[in-house]
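Colleague: Got a structure for you, written out below as structure tokens; questions coming shortly.
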Amino acid sequence: MYGVLLCCRRAKCGLRCIIDCSMRWLYSCLVSKFMSVGEGILKWEIAGTVSEETGVGRSMEGFSSGQHCQSGKALAELQSFEQVESGTPSASPLDWETDDDNEEGPKPSELYGKYTWRVEKFSELKKRDLSSNQFEVGGHKWYILIDPQGCDVCHHLSLFLCVANHEKLLPGWSHLAQFTIAVVNKDPKKSKCFDTLHRFQKNEHDWGWKKIVDLTKMPDGFIDADTLTIKAQVQVIRERAERPFRCLDCQYRRELVPVYLTNVERNYQRFLEEKRSKLGKLIYDKARWSSFRTFWLGIGQNARHQMSREKIDVILKAVVKHFFIDKEITSTLLMDSLYSVLKALKDDTMCKKGRLKLLEAEEMPAPMVRVDKDMFVLVDDVLLLLERAAMDLLPPKDEKGPQNCTKDGNSGGDFNKDSIQCDERRLTELGHRTVEIFVLAHIFSNKIEVAYQEAVALKEQEELIREEEESWLAEGEQKAKRGAAKKEKKSE
């Protein structure tokens with residue numbers, strides 16, 4: 001696979017960065033995967049990490065195979081699914097087509113933008129660094145920087161996305177952004193597209209790729225009338241610590257879904273297996289499971305009802321903390337799908353006007369969670385839900401999904417529409433299952449298990465007190481017997 005050096009332009013940052021980047025490269029090699037989404041749609045070679053981040057600092061010396069190549073006319077316009085945009089609506093199961101979430105602050109579509117830079121007289125360029133005009137996206141000014149002679153490499157074009165006026169940024173300034181850079185070829189099949197996610201900061205204000213195009217290949221369609229055309233898409237991410245947040249403009253999200261679906265699925269699978277393993281240890285430990293059942297069936301109905309619910313805000317904050325902070329999973333698609341599933345549950349409805357249901361009724365598993373005002377509530381007895389969750393498997397993949405239908409000769413609008421539906425349905429199924437298991441695990445760990453452990457501790461304490469009392473009584477009886485024996489001897 002063609003290697004590409006990914007980097008930022010800041011000053012040399014030492015051995016730590018080299019080790020950091022080497023680990024990124026090694027990991028990306030292990031998880032690299034090729035995905036082709038058919039003629040006329042983006043084709044990507046991906047080797048991204050679980051967090052979707054494939055870029056490293058410009059000063060870092062590591063290599064990565066994180067190149068994202070594509071072909072098809074869609075790239076030339078940076079619109080992978082033009083037919084969908086021009087009149088074939090996506091049958092999105094979660095109503096992801098709008099930003100109408102009734103939340104304060106800018107919507108993802110307002111934080112998204114495109115920019116085209118035409119570098120004229122490319123063959124006459126002598127400067128090592130050449131900057132585009134500034135353009136504004138998400139309330140911040142950006143520019144594209146290229147090194148026509150290669151940054152720390154030979155015979156390659158280097159390219160970076162940069163925050164403008166970074167020297168004026170205050171310490172602590174930080175914004176997460178997903179961006180795509182395309183170097184356009186006259187033959188769309190030869191155009192090159194690169195995509196990554198990066199947290200821009202004052203000391204990491206530029207991010208990009210050292211090896212983006214071999215200079216010897218530039219005359220082969222990349223230079224047209226001595227002009228190089230570069231196109232960029234930038235999505236600034238509005239983060240929220242207290243709840244999952246919608247990340248992406250609808251069109252941009254549709255372009256990223258087929259690229260990062262495998263990574264999102266891997267994250268969900270890891271979470272579900274972790275929770276299933278923990279619950280399985282409880283259930284398969286017969287003595288402990290019997291003890292827990294006795295505890296649960298022995299408490300009052302009202303107590304069980306109170307312990308089977310939790311405030312929505314508490315759950316939402318826990319979701320962000322687990323995925324975005326503790327696990328450092330900055331996947332835009334993962335957060336987007338969690339947001340949409342939670343919003344659907346919170347709205348206490350599985351459909352919108354003119355939209356598909358969350359899942360088709362005949363395919364929909366029995367729900368584990370419902371919403372009651374400001375609370376998430378378990379819909380069934382905890383014992384049954386725990387047994388079900390411990391044995392529950394991931395939703396099976398659609399065998400007709402995009403991963404399995406890229407070589408069947410399909411192309412065009414029908415394939416685009418089917419591909420979008422397959423990908424988004426998979427995201428919906430995984431997100432819905434994850435949210436329900438998350439709510440169940442949170443309520444169990446933070447309420448039910450705590451109450452059970454307190455009951456066990458209280459029982460053990462009572463048993464200890466009882467044993468001490470019995471021991472004290474037995475000792476008293478022994479003293480009484482010895483006293484009686486002494487009296488008897490004296491009387492004799």
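The values are calculated or read from the model by the stated rules, or taken from the named source; none is laboratory data. Everything numeric here is computed off the predicted structure, so don't read it as measured data. Cβ placement follows ideal geometry from the backbone for every residue including glycine, while neighbour counts extend to all protein chains displayed. The accessibility values were calculated without ligands, DNA or RNA, using every heavy atom of the protein model including side chains. Shrake-Rupley method; radii C 1.70, N 1.55, O 1.52, S 1.80 Å.
Colleague: Using the beta-carbon distance between Lys486 and Glu460 and R0 = 41 Å, what value does 1/(1 + (r/R0)^6) give for FRET efficiency, to the nearest 0.05?
Modeller: Step by step, r from the Cβ atoms, then E = 0.60.
Colleague: Quick check on packing: order 247-258, 168-179 by the mean number of other C-beta atoms within 10 Å, highest mean leading.
Modeller: Top of the packing list down: 247-258, 168-179.
Colleague: Take the solvent-accessible surface of the protein heavy atoms, probe 1.4 Å, and return the percent of it on the stretch 156-243 that carbon and sulfur atoms account for.
Modeller: Of all accessible area on the stretch 156-243, carbon and sulfur atoms account for 51 percent.
Colleague: Highest mean first, how do 139-150, 299-310 rank when packing is the count of other Cβ atoms within 10 Å averaged over residues?
Modeller: Top to bottom by mean Cβ count within 10 Å: 139-150, 299-310.
Colleague: Follow-up question, since we're still on this one. After finding the eigenvalues of the alpha carbon gyration tensor for the stretch 98-204, what semi-axes result from the square roots of 5 times each, listed largest first in whole Å?
Modeller: So the three semi-axes of the stretch 98-204 are 28, 19, 12 Å.
Colleague: Suppose R0 equals 56 Å. What FRET efficiency, 1/(1 + (r/R0)^6) with r the Cβ-Cβ distance, do Val314 and Ala225 give to the nearest 0.05?
Modeller: Computed FRET efficiency for Val314 and Ala225 comes out at 0.40.
Colleague: Remind me, what semi-axes does the stretch 282-349 give for its equivalent ellipsoid, largest first in whole Å, using sqrt of 5 times each Cα gyration tensor eigenvalue?
Modeller: After scaling each eigenvalue by five and taking roots: 32, 18, 10 Å.
Colleague: Assuming a viscosity of 1.002 mPa s and a temperature of 20 °C, what translational diffusion coefficient in µm² per second does Stokes-Einstein assign to the stretch 219-321, Rh being the Kirkwood radius over Cα pairs?
Modeller: Answer from the Stokes-Einstein relation: 111 µm²/s.
Colleague: Further question: With a point put 7 Å past each Cα toward its Cβ, work out how far Lys190 is from Leu170 in nm, to one decimal.
Modeller: It is 5.0 nm.
Colleague: Taking R0 as 30 Å, what's the FRET efficiency between Leu130 and Lys107 from their Cβ-Cβ distance, rounded to 0.05?
Modeller: 0.35
Colleague: May I ask you to give the average projected area over all directions of the convex hull of the Cα atoms of the stretch 428-492, in nm² rounded to one decimal?
Modeller: For the stretch 428-492, the mean projected area of the Cα convex hull comes to 4.9 nm².
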